[in-house]
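Written out below as structure tokens is the structure these notes cover.
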Amino acid sequence: MSAVRSDEQWERAVEGLQDSPTLDADQLYQAQQHATLRRWVLDEVELLGPGEIAALLPHRVGTDSNVARAIDKLRERGELLAVRYKDVWRYPSDQITPKGEVHAPIPGVVVRARAQGYDPWEIVYRLARPIETPPPVHVGRPLEHDGRTLSLDELFAAAGELVSASAVAEPVHADTCPSPFELLAAGDDDAFDRAVLDWLGPDVA
Amino acid sequence: MRSIAPCSTGSARTWLEPTGVIDFDVRTLPAGDGRWWCVHPARFDATSFHPNVDGDPADESIGGRFHPFDDGAGRRVGTRYLADHPDGAFAETLLRDGVSDRLVTAETVAMHRLAQIGLRRELRVADLTNLDPDSPLRAALQQDTDAYPQLRIVAATLHADAQRLDGVVWEGRQLETPGMECVVLFDDRVSGESDLATIQSLDLERGVGSGRLRAAARLRGYLLPSARSVHDRRADDQQPRS
């Protein structure tokens, strides 16, 4: 290929690129992550329409013709968690108790999460996905060495033992772990509070 | 192998204060020391630290030799790697071993810069350069990624040492040149803004930075992108011919 032809191709490539929309790599990555998260929520979380959620909350919204408006108000006040999908608000059923109330901690968690920049999809995802916490064998944490003086090679060997112990640890499938929603359903509010603490940090309000 | 985290609903995080002592040398890097170099993403300052927020320290396929790791309270420690020669900075980043095609893309070149870094204050680092020739740790520092999870525990333990070190210095392996040193600094001890200074920051697509990259690539047997050849030829065409 001649140098002249190469130059022409180079010019065409540059001209084409200068007119194309630019994509920030971080934004593209975040968009992909968010799309994956939304897909998971749509696949795994029972989402109810306004009429269905109203039927679960008879004490809060009544049964008359203003039900839809009452649901909207609860959502707008942050008392009901919802995601908007295809122009319809959808409400996770797991936020409702068998007695027809919103689980008491939910509104506070939603307010705190929104204040930290989480959008409703992310909040639903965090509340519905199995809780993951660091394993009991902490690879990547400081080694506890019980008062002994270790040489660097002894430290390295002890680190190797820890890595090996981690590698053979029985895997626990995430499917068997409870989600925060499931902790609420089981009445384990303390565990729910710890899960929220790990996620959002201490409530400073 | 990536470990799978068992689930737990009741693990309050606790500070694990090491009660023992690690026997190692400490080296002081003097204030004003300007021999350090790094290759960094162009969109971040050369003196910024990678937060390392993602990734499992047990997974050797991600991160680097001494990251990611957590402190005793479970907080992820950010890092900044430096090398004492531009070739070392390239060898530890764009021109690493273990890349099958030994080719750097034009996009990668465009997205990175080479920077010379100076120290605004004295830094104290754990010195891993004086290990015995038969030391397993020394051997691990010369290995590829297999030993990374172990080395991250070493880094975490040295970071947790009561001497509150600023980082770790070791002999870099990527260049396989005896005496070439690398240092990793910890973001909770060293401030990129007040403790480090960018002496110069070089574009890798042209000029001195491009020359440095080409020299390092030749040394490492790497190919540089063909798009650069076009660009370089265009630039060469504009030079007066003898």
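The values are calculated or read from the model by the stated rules, or taken from the named source; none is laboratory data. These numbers were taken from a predicted model, which means no experiment stands behind them. Note that each Cβ is placed from the backbone with ideal geometry, even for glycine, and that neighbours are counted across all protein chains shown.
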- Note on the structure: Those residues of the range B:58-79 that are within 17 Å of the chain's Cα centre (by Cα) and part of a loop (DSSP other than H, G, I, E, B) come to a total of 10
- Lone qualifier among A:ALA195, A:ALA128, A:ALA165 - being buried (at least 18 other Cβ atoms within 10 Å of the Cβ), modelled with pLDDT of 75 or more and more than 7 Å from every other protein chain (Cβ to nearest Cβ): A:ALA128
- Message: Looking at the structure I just gave you, is B:ASP146 under 14 Å from A:LEU150 (Cα atoms), surrounded by fewer than 21 Cβ atoms within 10 Å (Cβ to Cβ), modelled with pLDDT under 90 and not aliphatic (A, V, I, L, M)?
- Response: no
- Check off (1) modelled with pLDDT of 80 or more; (2) more than 7 Å from chain B (Cβ to nearest Cβ); (3) not in a loop (DSSP other than H, G, I, E, B) for A:ASP175 and give me the number that stays unchecked. (1)
- Matching residues in the range B:110-120 (within 20 Å of B:GLY64 (Cα to Cα) and out of contact with any Phe, Trp or Tyr (no Cβ under 9 Å at 6 or more places or on another chain)) number 3
- Mind telling me which of the residues B:LEU82, B:LEU114, B:LEU185 ends up being farther than 25 Å from A:GLU161 by Cβ, in contact with an Asp or Glu (Cβ under 7 Å, 6 or more places away or on another chain), touching a residue at least 24 places away in the same chain (Cβ under 8 Å) and not in a helix (DSSP H, G or I)? B:LEU185
- Within the range B:86-99, can one find any residue that is among the hydroxyl-bearing types (Ser, Thr, Tyr) and at pLDDT below 90? yes
- Item | Matching residues, the range B:57-95, being within 26 Å of A:ARG141 (Cβ to Cβ), more than 10 Å from chain A (Cβ to nearest Cβ) and among the charged types (D, E, K, R) | B:ARG65, B:ARG75, B:ARG80, B:GLU92
- Which is in contact (Cβ under 8 Å) with a residue 60 or more places away in the chain and part of a helix (DSSP H, G or I), of B:ASP97, B:ASP87? B:ASP87
- Task: Go through the residues of the range B:206-216 one by one and say whether even a single one is crowded, with 22+ Cβ neighbours inside 10 Å, in a helix (DSSP H, G or I) and modelled with pLDDT under 95.
- Result: yes
- Task: Kindly indicate whether A:ASP146 is touching a Ser or Thr at 6+ places or on another chain (Cβ under 9 Å) and at pLDDT 90 or above.
- Result: no
